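Novice: Pasting a structure below so you can have a look.
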Amino acid sequence: MGRSTFSVESYRKAREDYGVTHDTGVTEVAEKHAQETGRLSEIVDPAINPIRRSLIRLDPHQKKWIATIGCPMDIEVSCDTTGSMGSEVDTEMKVLPDLYKAVAKVLPGYDPQLCLGIFGDVCDDFVMCRPQFEMEAPKIVNYLKEMAPQRDGGDTPEDPQYAMFARAYLTDAYTNRIGLKGYHFIVTDAPCHHRLNRSEIERIFGKDIFDNELKNMTEIPTMEEMIKDLKDKAHQFILVISANTRTVRDWCDLCGSSSVIKIDSTRQLPAVISAIIGLTEGTMDIADLERRIDYFGLASQLYRIDIGAQAKLRHALPHPVPKAGDIFRNKGDLWPIQPGDEDAEEKPLETPDHIEYL
């Protein structure tokens, strides 16, 4: 599956190749196409191949398989693009290099894989856009420019719950397979409708979704059940932008106060998301926090998240987290060959010189 990772050089070249020459109007062409055709680009349409995957990258090696980068870490960010937040994809495109660099720094040895989506309201023609998890700049730049924000929303509450539903039930992540959790962020300035509707799920994810991907879902979960299932699979956070007290309280009641962080702007996403991940992973401590995060009031909010939660899960795993150069007997195996396994040392295997750790 390759060894390429994100770089500033490849990001700049991808923007040039795709004609993203300005920091505004990034999605203008995609929005016009969606309006004219009534369809989203298939690379961001949540109804096209609805399962989003974050898998370990393995290449053939001496009749076995070698991990080319390391354990993947799925990081999904779903951003509100209604009303005043209608141009947030522009900001996400601009801060993308800083975001990748920041999360890679607090995830040493991992393969950060980013799914940067958007959401609106069920009254919109398109309720959400959701790409695949990607780790290379050209693919991320490409899917960001294909977003079609509706920029409306209808009423004050919006519908990010369908983005949460997608992470809970329509995601295949290697982290979950081995006993870890990925990361899921909702970025919004509005409260959430407290409802999940079967007809809306079919409209968003495809009319056959309950015959195929969700065939074992005999009843639509309640919001509480869905959020519990999401939290079982991902470290979940709500980043609320310049919101009033009522909005913050609504999210705290829905997801728990330790999951809700107030921020000033999406320009802060690289610093905020990396700090949350670093504290959760245990690769960043409280002493680092004040030095890295200088936004007023933010550090005190981050003190209340479940610091070290991922480290606890990692310590409970039956084996060390896979790293670059580990050998897997079969491509579908969860774990690499462990010391002492049968034929594990039948022939010395060397890590290729060009493998780079994050």
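Novice: Please enumerate the residues belonging to region 133-145 that are in contact (Cβ under 8 Å) with a residue 60 or more places away in the chain, under 25 Å from Thr21 (Cβ atoms) and not in a helix (DSSP H, G or I). Let's see the steps before the verdict.
Specialist: Let us first name the residues in region 133-145 that are in contact (Cβ under 8 Å) with a residue 60 or more places away in the chain, namely 133, 135-138, 140-145.
Next, only the ones that are under 25 Å from Thr21 (Cβ atoms) stay: 135-138, 140-145.
Met135, Glu136, listed by residue number.
For every residue, the table says whether it meets (1) touching a His at 6+ places or on another chain (Cβ under 8 Å); (2) of a type in the set (S, T, N, Q); (3) at positive phi.
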residue: Tyr162; (1), (2), (3): no, no, no
residue: Asn216; (1), (2), (3): no, yes, no
residue: Thr247; (1), (2), (3): no, yes, no
residue: Gly256; (1), (2), (3): no, no, yes
residue: Asp264; (1), (2), (3): no, no, no
residue: Gln268; (1), (2), (3): no, yes, no
residue: Ala271; (1), (2), (3): no, no, no
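Novice: What do you reckon, is Phe205 of a type in the set (Phe, Trp, Tyr) and surrounded by fewer than 21 Cβ atoms within 10 Å (Cβ to Cβ)?
Specialist: Working: of a type in the set (Phe, Trp, Tyr): yes; surrounded by fewer than 21 Cβ atoms within 10 Å (Cβ to Cβ): no.
Answer is no for this residue.
Novice: Looking at region 182-202 only, could you name the residues that are without any contact (Cβ under 8 Å) to a residue 60 or more places away in the chain, open to solvent by 50 Å² or more (accessible area, probe 1.4 Å) and in a loop (DSSP other than H, G, I, E, B)? Even if it seems obvious, please write down each step before you answer.
Specialist: Initial filter on region 182-202 (without any contact (Cβ under 8 Å) to a residue 60 or more places away in the chain): 195-196, 198-199, 201-202.
From the residues that got through so far, the ones that are open to solvent by 50 Å² or more (accessible area, probe 1.4 Å) too are 195, 198-199, 202.
Correct list: Arg195 only.
Novice: Looking at (1) at negative phi; (2) open to solvent by less than 60 Å² (accessible area, probe 1.4 Å), which one does Gly179 not meet, given that it meets all the others?
Specialist: Only one criterion is unmet by Gly179, namely (1).
Novice: So in region 341-358, with the set limited to residues that are of a type outside the set (D, E, K, R) and open to solvent by 70 Å² or more (accessible area, probe 1.4 Å), which one is modelled with the lowest pLDDT?
Specialist: First, the residues of region 341-358 that are of a type outside the set (D, E, K, R): 344, 348-349, 351-352, 354-355, 357-358.
The next check asks that each one be open to solvent by 70 Å² or more (accessible area, probe 1.4 Å); those that pass are 348, 354, 357.
Values: Pro348: 47, His354: 46, Tyr357: 33.
That would be Tyr357.
Novice: Touching a helix residue (DSSP H, G or I) at 6+ places or on another chain (Cβ under 7 Å), in contact (Cβ under 8 Å) with a residue 24 or more places away in the chain, over 30 Å from Leu289 (Cα atoms) and open to solvent by 10 Å² or more (accessible area, probe 1.4 Å): does that describe Lys64?
Specialist: On the way: touching a helix residue (DSSP H, G or I) at 6+ places or on another chain (Cβ under 7 Å): no; in contact (Cβ under 8 Å) with a residue 24 or more places away in the chain: yes; over 30 Å from Leu289 (Cα atoms): yes; open to solvent by 10 Å² or more (accessible area, probe 1.4 Å): yes.
Criteria not met by Lys64.
Novice: For the structure I just gave you, tell me whether Lys215 is open to solvent by 50 Å² or more (accessible area, probe 1.4 Å), part of a helix (DSSP H, G or I) and farther than 16 Å from Val127 by Cβ. Even if it seems obvious, please write down each step before you answer.
Specialist: On the way: open to solvent by 50 Å² or more (accessible area, probe 1.4 Å): yes; part of a helix (DSSP H, G or I): no; farther than 16 Å from Val127 by Cβ: yes.
The answer is no for Lys215.
Novice: Checking Tyr174 against (1) free of Cβ contacts under 8 Å to residues at least 24 places away in the same chain; (2) touching a Pro at 6+ places or on another chain (Cβ under 7 Å), which single condition isn't satisfied?
Specialist: Failed condition: (1).
Novice: As an exercise: evaluate Lys101 against (1) surrounded by 22 or more Cβ atoms within 10 Å (Cβ to Cβ); (2) in contact with a helix residue (DSSP H, G or I) (Cβ under 8 Å, 6 or more places away or on another chain); (3) not small (Gly, Ala, Ser); (4) not in a loop (DSSP other than H, G, I, E, B) and give the number of the one condition it does not meet.
Specialist: That leaves (1) as the condition not met.
Novice: Still on this structure, please answer the following. Determine which member of the set Ala316, Ala275, Ala324 is open to solvent by 70 Å² or more (accessible area, probe 1.4 Å), among the aliphatic types (A, V, I, L, M) and in contact (Cβ under 8 Å) with a residue 24 or more places away in the chain. Outline the logic, then answer.
Specialist: Working: Ala275 fails: open to solvent by 70 Å² or more (accessible area, probe 1.4 Å); Ala324 fails: open to solvent by 70 Å² or more (accessible area, probe 1.4 Å).
Every option except Ala316 fails the conditions.
Novice: Looking only at region 180-195, count every residue that is among the aliphatic types (A, V, I, L, M) and within 11 Å of Val122 (Cα to Cα) and tell me the total. Before you say what the answer is, go through the steps one by one.
Specialist: In the first step, residues of region 180-195 are kept if they are among the aliphatic types (A, V, I, L, M); the result is 180, 186-187, 190.
Now drop any that are not within 11 Å of Val122 (Cα to Cα), which leaves none.
Total meeting the criteria: 0.
Novice: Restricting attention to region 30-71, and to residues there that are in a helix (DSSP H, G or I) and among the acidic types (Asp, Glu), which single residue is nearest to Ala324 (Cα to Cα)? Break it down into steps so the answer makes sense when it comes.
Specialist: Restricting attention to region 30-71, the residues satisfying the condition of being in a helix (DSSP H, G or I) are 30-37.
Imposing the further condition that a residue be among the acidic types (Asp, Glu) reduces the set to 31, 36.
Working: Glu31: 40, Glu36: 46 Å.
Taking the candidates together, the pick is Glu31.
Novice: Here's another thing I want to ask about it. Can you name the number of the only condition in (1) out of contact with any strand residue (DSSP E or B) (no Cβ under 8 Å at 6 or more places or on another chain); (2) touching a residue at least 24 places away in the same chain (Cβ under 8 Å); (3) not β-branched (Val, Ile, Thr) that Glu158 fails?
Specialist: (1)
Novice: Regarding region 116-123, can at least one residue be identified that is open to solvent by less than 10 Å² (accessible area, probe 1.4 Å), in a loop (DSSP other than H, G, I, E, B) and among the small types (Gly, Ala, Ser)? Give the steps one after another, and end with the answer.
Specialist: To start, the set of residues in region 116-123 that are open to solvent by less than 10 Å² (accessible area, probe 1.4 Å) comprises 116-121.
Then drop every residue that is not in a loop (DSSP other than H, G, I, E, B), which leaves 120-121.
The next check asks that each one be among the small types (Gly, Ala, Ser); those that pass are 120.
Yes - at least one qualifying residue is present in region 116-123.
Novice: While we're on this one: Ala168 is checked against (1) open to solvent by 40 Å² or more (accessible area, probe 1.4 Å); (2) farther than 21 Å from Thr247 by Cβ and fails just one. What number does that condition carry?
Specialist: (1)
Novice: Any residue in region 1-29 that is part of a helix (DSSP H, G or I) sitting within a Cβ distance under 6 Å of a residue that is of a type outside the set (S, T, N, Q)? List the pairs, counting only those 6 or more apart or interchain.
Specialist: Matching pairs, first to second residue: Val8/Pro97; Ser10/Ala137; Tyr11/Pro97; Tyr11/Ala137; Ala14/Ala137; Ala14/Pro138; Ala14/Val141; Arg15/Val141.
The values are calculated or read from the model by the stated rules, or taken from the named source; none is laboratory data. Remember, predicted model here, so these are calculated numbers, not experimental data. Because the Cβ atoms are built from the backbone with ideal geometry, glycine has one as well, and the counts that use them run over all protein chains shown. The protein model used for the area step is the full one, side chains on, heavy atoms only, and it has no ligands, DNA or RNA in it. Shrake-Rupley method; radii C 1.70, N 1.55, O 1.52, S 1.80 Å.
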